[in-house]
Amino acid sequence: QAGTYTAAEANSDAKADIPYGDEHTPPRGTLRRLLWPAYPILVTAVYFAVGLIFGAWHPAWLIFMTIPVFYAGLADGFAILVAGIFLLIGFFWNAWHPGWLVFLTIPIFYAIFPQAKRKKDVR
């Protein structure tokens, strides 16, 4: 039938969207390759350390926003990074009003680096 996929075809289509070919394959680069499997655990350890040592549980949770940026890369995770910066500005300096201006850097970033925005193959 037209428009139906088998399980194998659906699985192969899903893997085509993964930037490194396999979700378990780390990218090139020594430090990133070393941190690839353990990054969420490292972030959790840093969160608990900051919370226990400084009692800063509230702002420390923002470190979890670095996990998708780490795995997606700066180009795909830039919007998440900007949202984290906005929250930092708001929480630490209570500057929510001028802080929203950081969101204007998202279209500027993709205008300066157009190759950073990948277009997905629509089937």
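The values are calculated or read from the model by the stated rules, or taken from the named source; none is laboratory data. Predicted model only: the values in this text are computed from it and were never measured. Remember, those area values only see protein heavy atoms, side chains included, never the ligands or the DNA or RNA. Shrake-Rupley method; radii C 1.70, N 1.55, O 1.52, S 1.80 Å.
Just check segment 26-120 against the gyration tensor rule for me: Cα atoms, a ≥ b ≥ c as the square roots of the eigenvalues, rounded for a/c under 1.5, and otherwise prolate or oblate depending on whether a/b exceeds b/c.
In terms of gyration-tensor shape, oblate.
Provide the per-residue ³J(HN,Hα) series for segment 37-51, in order, calculated from phi with Karplus coefficients 6.51, -1.76, 1.60 and θ = phi - 60°, each as a whole number of Hz, with x at glycine and proline positions.
Going residue by residue, I get x, 10, 4, x, 5, 4, 4, 5, 5, 5, 4, 5, 5, 5, x Hz, with x marking Gly and Pro.
What accessible area per residue comes out for segment 44-123, rounded to a whole number of Å², with a 1.4 Å probe?
69
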